[in-house]
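Right, one structure below, let's go through it.
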Amino acid sequence: MKKAIETLFQVFREHHKQLYIVGGAVRDMLLGQTPSDYDFTTDALPDEVESWFEHTIIVGKRFGTIGVIIDRKVYEITTFRREAGYGDGRHPDEVLFTGDVREDVRRRDFTINGLLMDEHGCIFDYVGGLKDLRKGMVRCIGNPGRRFEEDRLRKWRCIRLAAEKRMELDEETRSAIRDDPDTTGVSIERIREELTRIMLCEKVAWGGYLLIKTELLGDLLNRMVPDYWKRCEDYLIDGFEIMGYLPKKVPLRLASLLLNMFPEERKVFLREMRYSNKEKQLAYAYCHHVVADSQDIVGFKEALADIGMENAEDFLAFQDGLAYWDGDPSIKRAAEQNQRVYRRIIANREPMTLRELAVGGKDLTDRGYQGEAIKESLTRLLKRVYEYPEENKKDRLLSWLERETHGKTDLP
Ligand code: ATP
Ligand code: MG
């Protein structure tokens, strides 16, 4: 056991108080995985815990949680508690401390999250968590319908847990979500966090399947883009499967989720979910520019310029993922063609942006161009260079522009 954890157990022993590791850490250790953090539960009161350690932070005193800092890591220690009433469908109205650890585990969400471990590594299981862990089953503690009514975020948590841990979702737990997939009252940030974790996990297709079959995803989409769910429920199963072929990046996987949305729906969804500007812009651009059967070099370069060369590999991975999934030879050919063009751009350092164009704004003002005409001409020149990179020379571009603008046809 880690030195810091041994120290914690020792201090509580000296004060004749109980201390257990609880929740995700016990679950992960039993699964042979390294826990991301350790949560503890105790019969000591928050004030007591606070007074025994030099470095503490108050995580939520009202809820009984003190963070003890050892070697710059925070260990959250929560007093055994039970909860009374959940008026808002998310948070307990009142928190009551109790001396009985069994009451504490019963208020937790899922059986596999209700296991306790003492300082000797002994496991205490008051909720049937060991059996479910062995079976690979996520199951609510107590009546699923009631537990979801108390806190609707649990609906997202259990699907995320099943996806991340490659587990089954208990039938009763599953149908309780399907009977009432509503999650109003849960902040969109918390839902986004769970959705993102599902999209980035190894078993993303399984997570997506559960989200769709329980209609939890439908409930979310119906609040923002109702038509999409009606139109594309079937596509969404594929959308999550495709994610499994893409690099683990949020904008890419989001693009797969949103691919069949209309542009306006896509904007609404990304805005309502409060994704960061960068994520919004990239996910939107990936969807916008992915054209399955185009062999048009100018179009492809325009797409790359919009997406940014630093994201080009991801964009190509998106096209490859779709091609691989779809199996249609024309999509496959388009993806391969784009791959080739991209490699050539890199190898020949072909110009991609206005900055790399041999003609600048000043060259045009010197020749009498003004206002909008400058921007317009530069864009036209860039397009020409996309098609004929070898033409990126000042005199050649300027005489081409003159000819185009003034309609002269005497080609050199
Ligand atoms: P991970 O840290 O991998 O996300 P975890 O199970 O540790 O998984 P936390 O959010 O850290 O999840 O919560 C710690 C523990 O607190 C859980 O294992 C569970 O026992 C309890 N818990 C967390 N959220 C809830 C909730 N909404 N309802 C009931 N119990 C919860
Ligand atoms: Mg945790």
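In this structure, does residue 109 turn out to be within 16 Å of ligand 2 (Cβ to nearest atom), surrounded by 21 or more Cβ atoms within 10 Å (Cβ to Cβ), farther than 19 Å from residue 206 by Cβ and under 23 Å from the mean Cα position of the chain (by Cα)?
yes
For the stretch 34-45, a tally of residues being within 12 Å of ligand 2 (Cβ to nearest atom) and not hydroxyl-bearing (Ser, Thr, Tyr) returns 4. Answer with yes or no whether residue 169 is within 16 Å of ligand 2 (Cβ to nearest atom) and either farther than 18 Å from residue 256 by Cα or small (Gly, Ala, Ser) (or both). When the stated conditions are applied, residue 169 does not pass them. Among the residues of the stretch 251-263, those identified as under 11 Å from residue 228 (Cα atoms) and either among the small types (Gly, Ala, Ser) or over 18 Å from the mean Cα position of the chain (by Cα) (or both) are 260, 261, 262. Checked against the criterion of being at pLDDT 95 or above, away from ligand 1 (no atom under 16 Å from the Cβ) and either not acidic (Asp, Glu) or not assigned by TED's automatic domain parsing to the domain that holds residue 81 (or both), the candidates 58, 69 yield just one match: 69. Scanning the stretch 271-282 for residues that are crowded, with 20+ Cβ neighbours inside 10 Å and in contact with a Lys or Arg (Cβ under 8 Å, 6 or more places away or on another chain) yields one hit, 275.
Screening the candidates 2, 17 for the property of being surrounded by fewer than 17 Cβ atoms within 10 Å (Cβ to Cβ), within 16 Å of ligand 2 (Cβ to nearest atom), in the same structural domain as residue 119 (by TED's automatic domain parsing) and more than 30 Å from residue 148 (Cβ to Cβ) yields one hit, 2.
In this structure, residue 176 does not qualify as within 15 Å of ligand 1 (Cβ to nearest atom), within 27 Å of residue 265 (Cβ to Cβ) and either in contact (Cβ under 8 Å) with a residue 12 or more places away in the chain or surrounded by 19 or more Cβ atoms within 10 Å (Cβ to Cβ) (or both).
Considering the stretch 296-356, there are no qualifying helices (runs of 4 or more DSSP H) wholly inside with 1 or more residues that are at positive phi and without any contact (Cβ under 8 Å) to a residue 40 or more places away in the chain. Filtered by the rule that a residue be among the β-branched types (Val, Ile, Thr) and touching a helix residue (DSSP H, G or I) at 6+ places or on another chain (Cβ under 9 Å), the stretch 28-71 gives 34, 41, 42, 49, 56, 58, 65, 66, 68, 70. Condition check for residue 40 on (1) surrounded by 15 or more Cβ atoms within 10 Å (Cβ to Cβ); (2) more than 29 Å from the chain's Cα centre (by Cα): one failure, at (2).
Looking for something within 16 Å of ligand 2 (Cβ to nearest atom) and surrounded by fewer than 13 Cβ atoms within 10 Å (Cβ to Cβ) - is there at least one such residue anywhere in the stretch 50-61? Looking through the stretch 50-61, none of the residues is within 16 Å of ligand 2 (Cβ to nearest atom) and surrounded by fewer than 13 Cβ atoms within 10 Å (Cβ to Cβ). The single residue among 178, 197, 223, 192 that is at negative phi and either of a type in the set (Gly, Ala, Ser) or within 16 Å of ligand 2 (Cβ to nearest atom) (or both) turns out to be 197. Each residue in the stretch 25-58 was checked for being within 17 Å of residue 130 (Cβ to Cβ), touching a strand residue (DSSP E or B) at 6+ places or on another chain (Cβ under 7 Å) and among the small types (Gly, Ala, Ser), and 1 pass.
The values are calculated or read from the model by the stated rules, or taken from the named source; none is laboratory data. The structure presented is a predicted model; accordingly, all values stated were derived computationally and were not measured. We place every Cβ from the backbone using ideal geometry, glycine too, and count neighbours over all the protein chains shown.
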